[in-house]
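First up is the structure itself, then whatever we jot down about it.
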Amino acid sequence: MPVTARPRRSALYMPGSNARALEKAKGLDADVLILDLEDAVAPDAKDLARDQVLAAVAAGGFGRREVLIRVNGLDTPWGHADLAAVARSGAQGVLIPKVESAEAVRQADRLLAAQGATNDLPLWVMMETALGMLNAREIASASPRLAGMVLGTSDLAKELHAQHTPMRLPMITALGLCLLAARAHGLAILDGVHLDLDDDAGLDASCRQGVELGFDGKTLIHPKQLTAANAAFAPDAASLDRACRIIAAHAEAMAQGKAVVLVDGRLVEALHVAEAHRLVALAEVIGTSAVGGADRTSP
């Protein structure tokens, strides 16, 4: 399945030092789980967190959820040991923080390979600094192993001296640069977090904006945010209905030797049909993965 076709509506950070949270994650309705060894873990708990995350991944039980492990930066005392451990952990991806250059991606790639990682272990990058945004194009093309980008908007706002406004206008340029780079190179891309857990309206608005901009999903800091993200980033009924009609109308037109057709008064071409197929496929995978409910925990 192409990296952008898999449902990634919600990506929940889970602290690696909290064994109870890691177990709870197996019953949450998240498309992606980011088991965190970095920001969510105190320095004196780094080794414990690594051991607990490795044990949790080895035990399995995460079901259809995509499990990524966010390691510490390679310039920290824990980064190299994290990558060595994750290389053969069985996780479905490794996320490296504060990536600012293509060489940082290639360095992580080399270290993973040296530690026995298979060529199909995906590498993800956190985009959270001004320099990283300016180098997004080069970063996105740095390695065949690269699968996706994750926006770190909290760190970005701090570095820019920007405010967290409802429409995030201070960060729109940075978000756009990453979106362009990701789409140009076929990568998945996840939006940054919404920090105010009591601001439901703000979370909804942030999710809607992420959808409008073109993100695949949103990173989250608490399970209570899952419902909003899953709803916002899933194709709605109206979009699916139109997608199905576009596919049917285009197929009929092709059978009649026509290259274009009108649906609801709008011209439909091959590019619209491709997007319609993507939406329908995404909805089908979401529906299939939901069978059995959020507590499905088969390996």
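The values are calculated or read from the model by the stated rules, or taken from the named source; none is laboratory data. Every value quoted in this text rests on a predicted model; they were computed, and no experiment measured them. Counting neighbours? That spans all protein chains shown, and the Cβs are built from the backbone with ideal geometry, glycine included. Heads up: the accessible areas ignore ligands, DNA and RNA and are worked out on the full protein's heavy atoms, side chains in. Shrake-Rupley method; radii C 1.70, N 1.55, O 1.52, S 1.80 Å.
Miscellaneous remarks
- Label positions at Arg88 and Arg110, each projected 7 Å from the Cα along the C-beta direction, are separated by 2.2 nm.
- Amide hydrogen neighbours beyond the local backbone of Leu220, cut-off 5 Å, H modeled: Ala11, Leu12, Tyr13
- What you get for segment 1-130, charging only the Cβ of Lys and Arg (+1) and of Asp and Glu (-1), is a dipole of about 480 debye around the Cα centre.
- From helices alone, the chain scores -13500 deg cm²/dmol at 222 nm; the rule is -39500 (n - 2.57) for each run of n ≥ 4 DSSP H residues, then divide by the residue total.
- Protection proxy ranking, peptides 209-219, 266-276, average beta carbon neighbours within 10 Å, highest first: 209-219, 266-276
- Restricting the calculation to Cα atoms, the chain yields a radius of gyration followed by a Dmax of 19.8, 69 Å.
- Between Thr165 and Ala19, the modelled label-to-label distance comes to 4.8 nm, taking each label 7 Å out from Cα in the direction of the beta carbon.
- Protein heavy-atom accessible surface, 1.4 Å probe, per residue over the chain: 46 Å².
- Tensor-based shape of segment 40-105 (alpha-carbon gyration tensor, a/c under 1.5 rounded, otherwise prolate or oblate): oblate
- Here the chain exposes an accessible surface that is 57 percent carbon and sulfur, computed with a 1.4 Å probe and the other protein chains kept in place.
- Per-residue packing, averaged as other Cβ atoms within 10 Å, sorts the ranges 71-80, 27-36, 151-160, 119-128 into the order 27-36, 119-128, 151-160, 71-80, beginning with the highest.
- Pairs of Cα atoms in segment 73-187 fall into 10 Å distance bins, from 0 up to the last occupied one, in shares of 14, 45, 30, 10, 1 percent.
- The stretch between Arg278 and Arg183 holds 32.8 nm of extra length on full extension. This uses 0.36 nm per residue minus the Cα-Cα distance.
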